[in-house]
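Everything below concerns the one structure shown next.
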């Protein structure tokens, strides 16, 4: 499995940075391995004052399978990521979920590499602006 994280700055320098951690899955899978859990926990521990952050979970799939199946799979991926965050003690009130299924591909689903990159959950953490 591939894991990645990134810090992305907003175009407006007055808006705080947000961070993304991605968990990539094999075709048809929504299980998070112990190694992935360890990497996710390490990443979460590196974020200061996480209790003051808003967290979005975005689930994605490739375009293999029916639209309905991919929507279900995306939802299952989001739920598995949500459970990891709850296990870490993050409040459910901080978390929102969007499961896109195959409808919002970032990469080209016409290639093997693109489909591989689209099979993921992005966990996006952004500071709350008061």
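So here's what we get for this one:
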| item | result |
| --- | --- |
| Förster radius 35 Å - calculated FRET efficiency between residue 129 and residue 79 (Cβ-Cβ, nearest 0.05) | 0.80 |
| Choice from 57, 47, 95 with maximal GNM fluctuation in the chain (Cα, 10 Å cutoff) | 47 |
| Tilt relative to the chain, helix 34-45 - C-alpha long axis, 0 to 90 degrees, to 10 | 30 |
| Sum of -39500 (n - 2.57) over DSSP H runs of 4+, divided by residues of the chain (222 nm, nearest 500) | -10000 deg cm²/dmol |
| Angle in degrees between helix 67-87 and the longest Cα principal axis of the chain, rounded to the nearest 10 | 30 |
| Most mobile listed residue (105, 48, 92) in the chain, GNM with C-alpha springs under 10 Å | 48 |
| Read-out Rg and Dmax of the Cα atoms in Å, derived from the coordinates shown; its label in (1) 14.6, 43; (2) 18.2, 65; (3) 14.4, 47 | (1) |
| Simple label model, 7 Å out from Cα along Cβ direction - residue 93 to residue 111, nm | 4.5 |
| Listed residues 85, 73, 44, most fluctuating in the chain (Gaussian network, C-alpha, under 10 Å) | 44 |
| Least to most buried among 88, 126 (fewest other Cβ within 10 Å first) | 88, 126 |
| Average Cα contact separation per residue, segment 3-127, under 8 Å, 6 or more apart, as relative contact order % | 38 |
| Whole-Å distance, taken between Cα centres, linking segment 112-130 and segment 42-86 | 8 |
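Where a number appears in this text, it was derived from the coordinates with a stated rule and is not lab data. A quick note: this is a predicted structure, and the numbers were derived from the prediction, not measured. Counting neighbours? That spans all protein chains shown, and the Cβs are built from the backbone with ideal geometry, glycine included.
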